[in-house]
């Protein structure tokens with residue numbers, strides 16, 4: 001049996017892709033198609049893909065031409081695949097002529113003529129560029145601006161802030177709006193990282209102005225406000241998206257899939273810790289700083305709700321406040337109780353702890369070292385250490401660039417991102433609302 005292998009992104013699969021696959025299949029008896037993952041594709045330039053990895057795999061599978069589909073995730077994988085799968089022919093489009101001659105040491109290399117007149121790049125170029133306005137004072141805006149350059153079809157058009165003291169030169173070069181309404185007139189969508197209690201007003205005004213919204217989680221501090229904004233977004237056919245960059249990181253996505261696969265058995269516990277230090281004397285007014293539950297709570301709760309669901313029976317909160325009469329917690333612990341599992345988060349902006357994530361199962365556990373929310377590595381561990389396995393995935397931009405890609409895709413397709421479902425957003429807000437209402441709360 002003669003085996004043929006080919007690779008591609010296969011974004012917005014079109015006739016040219018299909019003709020190339022047909023020619024490759026005609027070269028042998030068995031066609032292996034490698035679909036390039038976003039994190040590897042990034043190493044070759046900007047993030048151009050408009051479809052998720054699974055959507056692109058499904059599109060290739062639907063052609064019926066691939067006998068086997070694999071994922072390309074790292075440099076040098078082509079050699080590994082060819083040797084491991086005993087491949088006879090490597091086939092690729094003629095626009096790569098000479099690029100893969102080094103593979104001739106391992107198999108025959110064939111460059112196939114591409115179909116003229118159609119390409120994914122041209123299809124993507126037909127989509128109008130999205131202008132995003134930035135709202136808030138956080139230094140995360142520096143990262144957002146920087147990461148936006150890795151995403152096609154995006155431009156940062158304006159900034160609205162009360163304080164740009166900690167902004168980068170690149171961010172300061174962007175037009176500064178004199179008012180929030182002025183900024184809304186300069187963009188198609190907004191990214192909001194203002195103070196959490198300001199989110200409701202900023203989102204509502206943006207939606208009423210016909211702008212799509214990506215808001216750093218929590219979207220609001222009350223369920224009623226969130227439901228009102230969700231209805232408004234739906235009525236106006238606009239995207240309202242929850243922003244937690246960890247949800248879009250490759251390693252995080254892979255560990256969630258692996259944990260759900262049963263590799264560690266039934267999940268009985270998820271424990272997440274997120275902390276950072278804070279200079280209280282320097283920021284006594286705390287006008288630019290979020291408290292622990294809003295700054296870290298959504299991120300810490302993310303793996304719990306992804307793995308155990310959102311139907312927890314109770315959430316017991318223990319917290320230490322900066323001052324007795326304030327809502328600024330320097331440390332909070334929440335214990336979640338499920339019918340067949342338990343979970344906990346520890347979050348703090350005034351207390352430092354080991355920021356690790358541990359997912360415990362009946363057969364083993366997954367350990368993610370600090371800082372787990374930026375991880376590019378995790379381990380699956382068992383009773384017998386010889387059975388342990390390590391997983392490594394490149395982390396680019398802390399997940400922010402993939403978050404932007406997902407936001408733009410949601411705008412273009414009029415479909416919400418699959419990475420953060422609405423029930424997770426609701427559960428995050430519900431838990432944080434419980435903190436502010438002192439529901440099942442113990443003050444330390």
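Test residue 21 against the criterion of being buried (at least 20 other Cβ atoms within 10 Å of the Cβ), at pLDDT 90 or above and out of contact with any strand residue (DSSP E or B) (no Cβ under 6 Å at 6 or more places or on another chain), and give yes or no.
Yes: the conditions hold for residue 21.
Filter the range 147-160 down to residues that are in contact with a helix residue (DSSP H, G or I) (Cβ under 8 Å, 6 or more places away or on another chain) and free of Cβ contacts under 8 Å to residues at least 60 places away in the same chain and give me whichever is surrounded by the fewest Cβ atoms within 10 Å (Cβ to Cβ).
This residue is 155.
For the range 194-203, name all the residues that are surrounded by fewer than 24 Cβ atoms within 10 Å (Cβ to Cβ) and touching a helix residue (DSSP H, G or I) at 6+ places or on another chain (Cβ under 6 Å).
Across the range 194-203, the qualifying residues are 194, 196, 200.
Kindly indicate the residue of the range 222-236 that is touching a residue at least 40 places away in the same chain (Cβ under 8 Å) and over 23 Å from the mean Cα position of the chain (by Cα) and also surrounded by the most Cβ atoms within 10 Å (Cβ to Cβ) among those meeting that condition.
222
Do we find a residue being at positive phi and either touching a strand residue (DSSP E or B) at 6+ places or on another chain (Cβ under 9 Å) or at pLDDT 95 or above (or both) anywhere in the range 148-166?
There is at least one residue in the range 148-166 that is at positive phi and either touching a strand residue (DSSP E or B) at 6+ places or on another chain (Cβ under 9 Å) or at pLDDT 95 or above (or both).
So which of 383, 379, 354 is on the phi < 0 side of the Ramachandran plot and either in contact (Cβ under 8 Å) with a residue 40 or more places away in the chain or in a helix (DSSP H, G or I) (or both)?
Within the list 383, 379, 354, the selection yields 354.
The values are calculated or read from the model by the stated rules, or taken from the named source; none is laboratory data. Computed from a prediction, not measured in an experiment: that's the story for all the values here. Reconstructed Cβ throughout: ideal geometry from the backbone, glycine too, with neighbour counts over all protein chains shown.
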